[in-house]
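Down below is the structure, laid out as structure tokens.
The values are calculated or read from the model by the stated rules, or taken from the named source; none is laboratory data. Quantities reported herein were computed from a predicted structural model and do not represent experimental measurements. Cβ coordinates were reconstructed from backbone atoms using ideal geometry, including for glycine residues, and neighbour counts include every protein chain displayed.
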């Protein structure tokens, strides 16, 4: 059972170790670029982006997976592997922000906006904007290539690398399919709850929680029972995480989430929250949702009308209930998991923070 | 010395082996997607793109590098490694076509156009076009991830993989920087010949010729003298290849090159050809070039005026001379290279075909 006094992993220190690893890697890339007289802004903008914050949930879960699988001793290789997951996530976010035409992320300009601003000093606005978009594709591509370089140069023994690569390959393919599904469903929200849950599962539950735990556990040579327990904890946690994200996308405070609260509604993402609302809405509410969702000129007044309908239909309360149930499932999975107690305790704390967060 | 009767690698058969490897891999991905109920069009469009042709120069040079390094015996792993380079190239082209807003490649619609056409049946034209662009980012990302999967599952011994990975990592970073430089220079052509040659070196000479040879040679455990000889052959060959590409982009027959002849001029790529023309143009010619280059509405009549100036200034003839000299350098490098004679003979033929081609 949960014990508030049980020892747990020092998450802030672990987070710092991962951040230092990424920072050192990118500093090396910046020196190399200068030596080859390559443009400095490419690495600089990636550095700014990665260092601007983020929960570092994936690297933390990777390191927890390593402990869960019985990992002991020198952590250098596992920290660098965890860092490679964070670099992969930077790639995913950079391309995602471009596809969503988002202006800000973590309270800062997105990469395509930063690059456009960089070029606008010397070129016209239209050219700068195009260079921003194209450059962001390339910066994202570099982050993907470099996430692989971090993994391959982590110093893993060949048998450990061989154990972890299939997990990495599955993760990459799954998240790209998840993004594609998300893309196709956006702008066309329906009451199809299953479709919304499939996106949440591929885009978030597997990518954000299950795969990072599996990567870490595989590095430690974990047996199948440990991997299974990781899944039983990670999938409900990841779905709860995504549901919380959907609620924050509509009800969140921009100064806390770091992104404008209107973006999700303007893009009309096909979320579980909207699927439930559309299922329960009466004719009048349905018409309002259909008219406003996906409208690029949607304003604060429209957002209030949508929020009122999401609340009135009970969709908001239902999603909160689902988060509560999924959170309990994740906790329950930990009670029977063959993990060392200090790691079960850490994973409980992560589940609490990920589902109750405000940012 | 060159000997027309010397035995050489069967290039068509080698090309087919690489294509079969890619086709089998993508067929597996298509089955997996169907099993997980993922959208079929993603893999299908990538399959269409990869199977639509291409010179397969990079995989052929990779396999030549393996022979040059003394490779003998079972070729399964080296063929799959070569296939991973072709998959990487598919990634680069898909993102390149999107950044350049190109409509056709190899005579077929580009990936963003194919995806837009796929979605236009059910969604409005604007939404379909946006899904095409975003989807092409993701299909390119998948091709990059899958090129790595092909490499990692090629069955290479750990020491061979360790030898080849630094080459792969350099190649990925170099080509992305090269693309970025190309991007920034487009629309702003100058008489700066050095800058144009730097782009050609990073984007093509190293990426298309030197690195594939190094990948293959490293797989065979080649010594430094072999790697050095590969470079001495590859860099002039790659520069000649890019210069021929620049000429074909302006003077080529679209029915042979598979791409519209006006694209390069409309994008105003900063090529060696244009740099020389701008250097030599008189005031009147300079004004015409400045006015027409980069104009998105540039038509066939404008293209003829530009071609006439490129010819009149002697820029076209100068680029042909450069190709001739670089081609001779590549041949000369082979005379002293520590390669088996049949591979020197094959590389001579590749150099002849790559510099004299019409497509």
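Remark: residue B:156 falls outside the filter, which requires a residue to be part of a helix (DSSP H, G or I), more than 9 Å from chain A (Cβ to nearest Cβ) and under 27 Å from residue B:43 (Cα atoms).
Entry remark, the range A:174-194: residues being away from every other protein chain (no Cβ under 14 Å) and not in a helix (DSSP H, G or I) number 1 in total. Only one entry in A:305, A:244 is in contact (Cβ under 8 Å) with a residue 60 or more places away in the chain and in contact with a helix residue (DSSP H, G or I) (Cβ under 8 Å, 6 or more places away or on another chain), namely A:244. Tallying residues that are under 16 Å from residue B:188 (Cβ atoms) and free of Cβ contacts under 8 Å to residues at least 40 places away in the same chain within the range B:248-274 yields 2. Scanning the range B:165-187 for residues that are under 23 Å from residue B:78 (Cα atoms) and crowded, with 23+ Cβ neighbours inside 10 Å yields B:168, B:172, B:175. Counting only residues that are within 11 Å of another protein chain (Cβ to nearest Cβ), modelled with pLDDT of 90 or more and more than 26 Å from the chain's Cα centre (by Cα), the range B:89-125 holds 2 of them.
Each row is one residue, and each column tells you yes or no for (1) under 26 Å from residue B:290 (Cβ atoms); (2) modelled with pLDDT of 90 or more.
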site: B:162; (1), (2): no, yes
site: B:169; (1), (2): no, yes
site: B:173; (1), (2): no, yes
site: B:179; (1), (2): yes, yes
site: B:182; (1), (2): yes, no
site: B:187; (1), (2): yes, no
site: B:198; (1), (2): yes, no
site: B:210; (1), (2): no, yes
site: B:214; (1), (2): no, yes
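For residue B:29, only one of the following conditions fails: (1) within 23 Å of the chain's Cα centre (by Cα); (2) closer than 21 Å to residue A:145 by Cβ. What is its number? Status for residue B:29: all satisfied but (1). Only a single criterion out of (1) buried (at least 22 other Cβ atoms within 10 Å of the Cβ); (2) closer than 20 Å to residue B:232 by Cβ; (3) more than 17 Å from the chain's Cα centre (by Cα) is not satisfied by residue B:211, namely (3).
The rows are residues; the columns are (1) away from chain B (no Cβ under 14 Å); (2) at positive phi; (3) crowded, with 23+ Cβ neighbours inside 10 Å.
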residue: A:9; (1), (2), (3): yes, no, no
residue: A:31; (1), (2), (3): no, no, no
residue: A:39; (1), (2), (3): no, no, no
residue: A:73; (1), (2), (3): yes, yes, no
residue: A:87; (1), (2), (3): no, no, yes
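The sole residue among B:243, B:197 that is farther than 18 Å from residue B:59 by Cβ, under 18 Å from the mean Cα position of the chain (by Cα) and within 14 Å of chain A (Cβ to nearest Cβ) is B:197.
Being more than 21 Å from residue A:183 (Cα to Cα), in contact (Cβ under 8 Å) with a residue 60 or more places away in the chain, within 9 Å of chain B (Cβ to nearest Cβ) and surrounded by 22 or more Cβ atoms within 10 Å (Cβ to Cβ) is a description that applies to residue A:142.
Mind checking which residues of the range B:51-67 are touching a residue at least 60 places away in the same chain (Cβ under 8 Å) and touching a helix residue (DSSP H, G or I) at 6+ places or on another chain (Cβ under 7 Å)? Matches in the range B:51-67: B:57, B:58, B:59, B:60, B:61, B:62, B:63, B:64, B:65, B:66, B:67. Which ones in the range B:80-108 are touching a residue at least 60 places away in the same chain (Cβ under 8 Å) and not in a helix (DSSP H, G or I)? Of everything in the range B:80-108, those that are touching a residue at least 60 places away in the same chain (Cβ under 8 Å) and not in a helix (DSSP H, G or I) turn out to be B:100, B:102, B:103, B:104, B:105, B:106, B:107, B:108.
Scan the range B:202-212 and tell me whether some residue there is free of Cβ contacts under 8 Å to residues at least 24 places away in the same chain and within 10 Å of chain A (Cβ to nearest Cβ). No: the range B:202-212 contains no residue that is free of Cβ contacts under 8 Å to residues at least 24 places away in the same chain and within 10 Å of chain A (Cβ to nearest Cβ).
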